[in-house]
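Trainee: Before I ask anything, let me first share the structure, which is written out below as structure tokens.
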Amino acid sequence: MTSEFISLVDNKELWARICRQRPTTYNLARMRQAVRDASNLMKSLKKAYIQDAILECNRDYTKLWKVIKRFWLNKAKNVEISKMLDVTNNQEIAEVINQHFCNIGHKLASCFTDVISDELLDRMRNDSDTSFSFEPVTLKEVAELMRGLSPSKACGANGLTARLLKAYGDTIHPVLIHIFNQSFTRNEFPAVWKVAKVTPLYKEGSCSDPGNYHPISVLPILSKELERVAHNRLYDFISRNNLLTASQSGFRKGHSTGTCLMDFLQNIYDGVESGCATGELFLDLKKVFDTVNHRILVSTLSKMGLSSDSLDWVDSYLYGRVQHTFVNGYKSLDGQVECGVPQGSILGPLFFILYINNLPTVLTKFSVYLYADDTAIAVRGNNTACIIETLNEELAHASSWFTKHQLSLNMKKTCVMFFV
């Protein structure tokens, strides 16, 4: 706070007192001017402060996101949930929201009848020359995982905090090595680590509609560390064997929204330079992480070369998951989650991009740009009529692929643009 700002605030308060005693036209005008002067300087000081905070980040994106959250993202409306549908009891509200979160993926997936058959899934099984199995965990690896834990990391349903794990790191390292290796040896993901603690976050619309809330899911810390071990091994295998489509930029090392955008813009620029029009179709999908079909995912991973033991471990990881939701301090009963990849997980995003990995193979006339579930597809032509015809043909192919994989197009948010 500067001396100039303090002086302007004092001046504003002075003219406010004068106006209360003598509310003449002149005095009111001076008071309004004093308020404007103080307000404008406050805005300028705030802008300069934010700019300095951004510059101090020095391309440290973790610090930059903290600045963004501090000044912008934390201004979201804080809603107290007092009613849900016709329910007003807090315990029952928690049950309603939890059941909605548990069932939304299954409800969307159950609308599809033209899905991949069991016979085709069997044919999709491992025909790869490569084979992947989870390697044992080492002491060095576990020690690095524990050192990398943030003390402020949110704990899951079991209440085990990161601060406690770091404090007793050397003591528990051998125990964690044993648990992790037993998990890979027995092809079982610990059941107690498959429980998610969920908090509903209000988005927009009616506060009494469960569809207007987004689930913030927190998993046990050690669950995510075991996932991180599995992720590192699986991602290394996928990368070494070039199994990911070049169209995907999401959740990949060395890729980002920036690399996706550069490829996307380059395609448009090349089209303009060659005198062609470019049609871009932007596809939006509904609740994609919630509707991933477990059988299809496991068959996809098998085709990529995962061994039967690894697939059994993935099966154990996916199935038998439960979650409970907290509303106003009240906890719901545990609800079963029958499809989708776990929200807030380490493996979930990787499993999803592998799930949609062969989408570009059905779009033979397109350039395809993927960032996780965000899909942009482009086609060039001499006139818009030809482009529209091609877009419609290939959109039908994409729609058929989505249907067979139980993914729902959101037609309200799917749109097309032309660049000429």
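Trainee: In whole percent, what relative contact order does region 287-420 give with Cα contacts below 8 Å and a gap of six or more residues? Show your work: numbers first, answer last.
Mentor: On the way: 122 pairs, mean separation 34.1, N = 134.
Relative contact order for region 287-420 comes out at 25 percent.
Trainee: Excluding residues on the same chain fewer than 8 positions from residue 413, give the lysines whose Cα lies under 19 Å from its Cα.
Mentor: 203, 286, 287
Trainee: Search the structure for amide H atoms under 5 Å from the amide H of residue 132, placed 1.01 Å from N in the peptide plane, and list their residues when 5 or more places away or on another chain.
Mentor: Result for residue 132 returns 306, 307.
Trainee: Can you figure out the FRET efficiency of residue 3 with residue 62, using R₀ = 60 Å and their beta-carbon distance, to the nearest 0.05?
Mentor: Values: r = 35 Å, r/R0 = 0.58.
It comes to 0.95.
Trainee: Okay, moving on. Whole percent per 5 Å bin, from 0 to the bin with the longest distance: what is P(r) over all C-alpha pairs of region 198-351?
Mentor: 1, 7, 12, 17, 16, 14, 12, 9, 7, 3, 1, 0, 0
Trainee: Once you sort the root eigenvalues of the Cα gyration tensor of region 274-335 as a ≥ b ≥ c, which label holds: rounded (a/c under 1.5), prolate (a/b larger than b/c) or oblate (the other case)? Before the final figure, lay out each step's value.
Mentor: On the way: a/c = 4.87, a/b = 1.34, b/c = 3.64.
It comes out oblate by the Cα gyration axes.
Trainee: For the chain, what value does the Rg/Rh ratio take when both radii are computed over Cα atoms and Rh is the Kirkwood radius, given to two decimals? Provide the component values of the computation, followed by the final result.
Mentor: Numbers: Rg = 27.0 Å, Rh = 25.5 Å.
Looking at the chain, the ratio lands at 1.06.
Trainee: Also: May I have the pair-distance distribution P(r) for region 150-239, computed from all Cα-Cα distances with 10 Å bins from 0 and rounded to whole percent?
Mentor: Each 10 Å bin holds this share of Cα pairs: 14, 35, 30, 15, 6, 0.
Trainee: What is region 181-230 by shape, rounded, prolate or oblate, if you read a ≥ b ≥ c off the alpha carbon gyration tensor as root eigenvalues and call it rounded for a/c under 1.5, prolate for a/b larger than b/c, and oblate otherwise? It would help to have the intermediate numbers written out before the result.
Mentor: Numbers: a/c = 4.45, a/b = 3.56, b/c = 1.25.
The shape class here is prolate.
Trainee: Any chance you could give the angle, 0 to 90 degrees and rounded to 10, that helix 3-21 forms with the longest Cα principal axis of the chain?
Mentor: Taking the Cα atoms of the chain, the angle to 3-21 is about 60 degrees.
Trainee: Give me a comma-separated list of calculated 3J(HN,Hα) values for region 164-171, in order, Karplus coefficients 6.51, -1.76, 1.60 applied at θ = phi - 60°, integers in Hz, x for any Gly or Pro.
Mentor: Running phi through 6.51 cos²θ - 1.76 cosθ + 1.60 with θ = phi - 60° gives 5, 5, 6, 5, 10, x, 4, 6 Hz.
Trainee: Let's test the formula: R0 of 45 Å, r as the Cβ-Cβ distance of residue 70 and residue 241. What FRET efficiency results, to the nearest 0.05?
Mentor: On the way: r = 42 Å, r/R0 = 0.94.
In this case the efficiency is close to 0.60.
Trainee: Quote the charge dipole size of region 265-420 about the Cα centre in Debye, to the nearest 20; the model charges only the Cβ of Lys and Arg (+1) and of Asp and Glu (-1).
Mentor: Details: 11 positive and 15 negative charges, 62 e Å.
For this selection, approximately 300 debye.
Trainee: Filter 107/303; 365/404; 63/253; 47/253 down to the pairs with a C-alpha to C-alpha distance above 24 Å, please. Before the final figure, lay out the partial values.
Mentor: Numbers: 107/303 28 Å; 365/404 20 Å; 63/253 20 Å; 47/253 34 Å.
The pairs that break the limit, which is 24 Å between Cα atoms, are 107/303; 47/253.
Trainee: Send over a whole-number figure in Å² for the accessible area per residue of region 127-170, probe 1.4 Å. Provide the component values of the computation, followed by the final result.
Mentor: Working: 2810 Å² over 44 residues.
Each residue of region 127-170 exposes 64 Å² on average to a 1.4 Å probe.
Trainee: How big is the convex hull of the Cα atoms of region 282-420, per residue, in Å³? All intermediate terms of the calculation are to be shown ahead of the outcome.
Mentor: Numbers: hull volume 18.3 nm³, N = 139.
Dividing the Cα hull volume of region 282-420 by its residue count gives 132 Å³.
Trainee: Using a 1.4 angstrom probe on heavy atoms only, work out the carbon and sulfur share of the accessible area of the chain in %.
Mentor: Values: 12350 of 23080 Å².
Of the solvent-accessible surface of the chain, carbon and sulfur hold 54 percent.
Trainee: Taking R0 as 60 Å, what's the FRET efficiency between residue 263 and residue 16 from their Cβ-Cβ distance, rounded to 0.05? Kindly include the intermediate steps, with their values, before the conclusion.
Mentor: Details: r = 58 Å, r/R0 = 0.97.
Computed FRET efficiency for residue 263 and residue 16: 0.55.
Trainee: Amide H neighbours of residue 375 under 5 Å, counting only residues 5+ apart in sequence or on other chains, H built in-plane at 1.01 Å?
Mentor: Close amide H contacts, sequence-distant or interchain: 283.
Trainee: Another question about this same structure. Let me check I've understood the local charge: for residue 266, count other residues with C-beta under 14 angstrom from its C-beta, Lys and Arg +1, Asp and Glu -1. What total comes out? Working shown, then result.
Mentor: Working: positive: 380; negative: 263, 270, 273, 280.
That sum, taken over residues with Cβ under 14 Å, equals -3.
Trainee: Between residue 43 and residue 182, 0.36 nm times their residue separation minus their Cα-Cα distance comes to what? Write out the running numbers ahead of the final one.
Mentor: Working: separation 139, 0.36 × 139 = 50.04 nm, distance 5.85 nm.
Between residue 43 and residue 182, full extension yields an extra 44.2 nm.
Trainee: How high is the relative contact order of the chain, in percent, counting Cα pairs under 8 Å that sit 6 or more residues apart?
Mentor: Across the chain, relative contact order equals 22 percent.
The values are calculated or read from the model by the stated rules, or taken from the named source; none is laboratory data. Everything quoted here is computed from the prediction, not taken from an experiment. All Cβ positions, even for glycine, are placed from backbone atoms using ideal geometry, and neighbour counts span all protein chains on display. Ligands, DNA and RNA are excluded from the accessible area calculation, which covers all protein heavy atoms including side chains. Shrake-Rupley method; radii C 1.70, N 1.55, O 1.52, S 1.80 Å.
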